Amino acid sequence: MTDSTMQGKRTLTLRWTAYAGVPLLAILVAWFATREGAEASRVDANAAAEHQHGVAAASSTSVGQAVMLTAEQAQRIGVTYAAVEMAALAREIRTVGQVTYDETRVRTVSLKIDGWVEELFVNFTGQAVEAGAPLLAIYSPMLVTAQEELLLARRLETDVAGGTEGARADAASLLSSARRRLAYSDVSPADIARIERTGEAERTLTLRAPVGGFVVEKNVQQGQRVMAGEALYRIADLSTIWVEGEVFERDLSSVRLGQEVRVEIDALPGRVRSGRITYIYPTLDPETRTSRVRVALANGGMQLKPGMYATLTWHGAGAMRALSVPRSAVISTGQRNLVFVKRADGMIEPRLVEIGVSTSDRIEILSGLALGDTVVKSATFLLDAESNLGTLLGGMGNMPGMDMTAPSSKTPE
């Protein structure tokens, strides 16, 4: 093989090697580029995740930053202060209730005889009636017979007026018995006197209301046949009503008969009524772990209606002295309780506290404050927003591309 031939073969080999190497080189370049891009993406994702974790941690564990308020700023936004004090706290019990009838003032109206309703004078539920007002006219053969016996006894008494003393006594006894029979059937004395005066038995007699009030139940229609003992009406006197509330088992030891109770009716806002606990039910609901209490209220103007919802509030028996602050000083989120404390250097510092018994205006502090500390009494939500804004901006300052720092919370020199 000549030198020229060998040189040609080497040239051809190098050419084919070059052809094969170009695609391989392109593949290698693309692989390295993709790897660098993926690494960069992972770095950015990790940085973002670390930042989000940092912000979340700051918002969930940090109480917030102290802020500085001058006297002018405090006055402008309505900040006021109060001292942490030892005060007498009576446990406040608050529960829901419902207006109901005074059961001692509810009367069921029924007949003591069988008969047919000829006419209804009170013909709808809710109608107001007075004691002695006519309810219905009834035809009853038994009443017709009783009237005739009354008239016979009356005539007999007249006939024996000139007879012996024994005859007169017997006639008077028969007349008295006939009157009682009609009275026992709920015929009014006025109706009995009218029958005797006219001397005629009436086909129908009138049933009258035994008490005054409102018809809360009506079970009779005109023309209906009714039986003795059948409930026809229920009449309730609503001049006094009951409000019954549920008290949790843990609060029963603080409930006493005669305790004064504030009653707020949901349907009648703006007016607080006052009553006293008149009865504590002797049973406990095993499912709700509650017992009922009863408060009696006067119902002038008939504004309170059975079925209305109410809120009952009273102080439990036995007040105690405890470290406390005004109720408005505590911000409760459900997970933590926060107050703002005014330090000696004038800074307003947020602080976590543990709370106990609360009343309508004060709340017990179990830990986090000391006697003599000064806390913010009003505008606490504005301070909470200001304090948490500083914490949030401080966490955002570490984001890539963000050059932010938290506002200074130090006193300007």
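Results, tabulated for the structure shown:
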{"quantity": "Every pair of residues 6+ apart whose Cβ atoms lie under 7 Å, when the first sits in the range 86-113 and is touching a residue at least 60 places away in the same chain (Cβ under 8 Å) and closer than 13 Å to Gly213 by Cβ while the second is of a type in the set (Ser, Thr, Tyr) and part of a strand (DSSP E or B)", "calculated": "Asp102/Thr240; Arg105/Thr240; Val109/Tyr233"}
{"quantity": "Per-region count, the range 341-376, residues touching a helix residue (DSSP H, G or I) at 6+ places or on another chain (Cβ under 8 Å) and closer than 20 Å to Gln73 by Cβ", "calculated": "4"}
{"quantity": "Members of the range 314-331 found to be surrounded by fewer than 16 Cβ atoms within 10 Å (Cβ to Cβ) and among the hydrophobic types (A, V, I, L, M, F, W, C), listed by number", "calculated": "Ala317, Ala319, Met320"}
{"quantity": "Selection from the range 175-195 of residues that are assigned to a helix (DSSP H, G or I) and in contact (Cβ under 8 Å) with a residue 24 or more places away in the chain", "calculated": "Leu175, Ser177, Ala178, Arg179, Arg181, Leu182, Tyr184, Ile192, Ile195"}
{"quantity": "Strands (runs of 3 or more DSSP E) contained in the range 290-376 and holding at least 3 residues more than 29 Å from the chain's Cα centre (by Cα)", "calculated": "337-342, 347-352"}
{"quantity": "Matching residues, the range 226-239, being surrounded by 15 or more Cβ atoms within 10 Å (Cβ to Cβ) and within 30 Å of Thr278 (Cα to Cα)", "calculated": "Tyr233, Arg234, Ile235, Ala236, Asp237, Leu238"}
{"quantity": "Meets criteria (at negative phi, modelled with pLDDT under 95, outside any loop (DSSP other than H, G, I, E, B) and exposed (fewer than 12 other Cβ atoms within 10 Å of the Cβ)) for Gly166", "calculated": "yes"}
{"quantity": "Boolean, Ser253 is closer than 18 Å to His315 by Cβ and in a strand (DSSP E or B)", "calculated": "no"}
{"quantity": "Residues satisfying the stated conditions in the range 210-252, i.e. of a type in the set (Ser, Thr, Tyr) and under 20 Å from Val117 (Cβ atoms)", "calculated": "Tyr233"}
{"quantity": "Any hit, the range 180-191, residues being surrounded by 14 or more Cβ atoms within 10 Å (Cβ to Cβ), touching a Pro at 6+ places or on another chain (Cβ under 6 Å) and at pLDDT 90 or above", "calculated": "no"}
{"quantity": "Exclusive hit being in a strand (DSSP E or B) and over 44 Å from the mean Cα position of the chain (by Cα), set Leu205, Leu135", "calculated": "Leu205"}
{"quantity": "Residue in the range 307-319 that is more than 12 Å from Leu89 (Cβ to Cβ) and without any contact (Cβ under 8 Å) to a residue 60 or more places away in the chain present", "calculated": "no"}
{"quantity": "Some residue of the range 213-225 being surrounded by 13 or more Cβ atoms within 10 Å (Cβ to Cβ), modelled with pLDDT of 95 or more and acidic (Asp, Glu)", "calculated": "yes"}
{"quantity": "Sole residue being modelled with pLDDT under 95 and within 19 Å of Val117 (Cβ to Cβ), chosen from Leu207, Leu174", "calculated": "Leu207"}
{"quantity": "Condition check for Arg91: basic (Lys, Arg) and either touching a Cys at 6+ places or on another chain (Cβ under 8 Å) or surrounded by 18 or more Cβ atoms within 10 Å (Cβ to Cβ) (or both)", "calculated": "yes"}
{"quantity": "Pair list, Cβ < 7 Å and 6+ apart or interchain, from the range 284-303 residues that are in the same structural domain as Val243 (by TED's automatic domain parsing) to residues that are loosely packed, with under 11 Cβ neighbours inside 10 Å and in a loop (DSSP other than H, G, I, E, B)", "calculated": "Ser291/Thr283"}
{"quantity": "Where a residue in the range 121-132 is within 17 Å of Val220 (Cα to Cα) and in the same structural domain as Phe214 (by TED's automatic domain parsing) and its partner, wherever it lies, is of a type in the set (A, V, I, L, M) and in a loop (DSSP other than H, G, I, E, B), with Cβ under 7 Å and at least six apart", "calculated": "Val129/Val122; Val129/Ala209"}
{"quantity": "Number of the exception - Ser360 against (1) surrounded by 17 or more Cβ atoms within 10 Å (Cβ to Cβ); (2) in contact (Cβ under 8 Å) with a residue 60 or more places away in the chain", "calculated": "(1)"}
{"quantity": "Check on Thr311, outside the structural domain of Leu69 (by TED's automatic domain parsing), surrounded by fewer than 12 Cβ atoms within 10 Å (Cβ to Cβ) and of a type in the set (Ser, Thr, Tyr)", "calculated": "no"}
{"quantity": "Answer from Gly97, Gly78 - the residue that is among the small types (Gly, Ala, Ser), surrounded by fewer than 16 Cβ atoms within 10 Å (Cβ to Cβ), under 33 Å from the mean Cα position of the chain (by Cα) and at pLDDT 80 or above", "calculated": "Gly78"}
{"quantity": "Condition check for Gln147: assigned by TED's automatic domain parsing to the domain that holds Val261 and of a type outside the set (Phe, Trp, Tyr)", "calculated": "no"}
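The values are calculated or read from the model by the stated rules, or taken from the named source; none is laboratory data. Quantities reported herein were computed from a predicted structural model and do not represent experimental measurements. With ideal geometry, Cβ positions are generated from the backbone for all residues, glycine too; neighbour counts draw on all protein chains shown.
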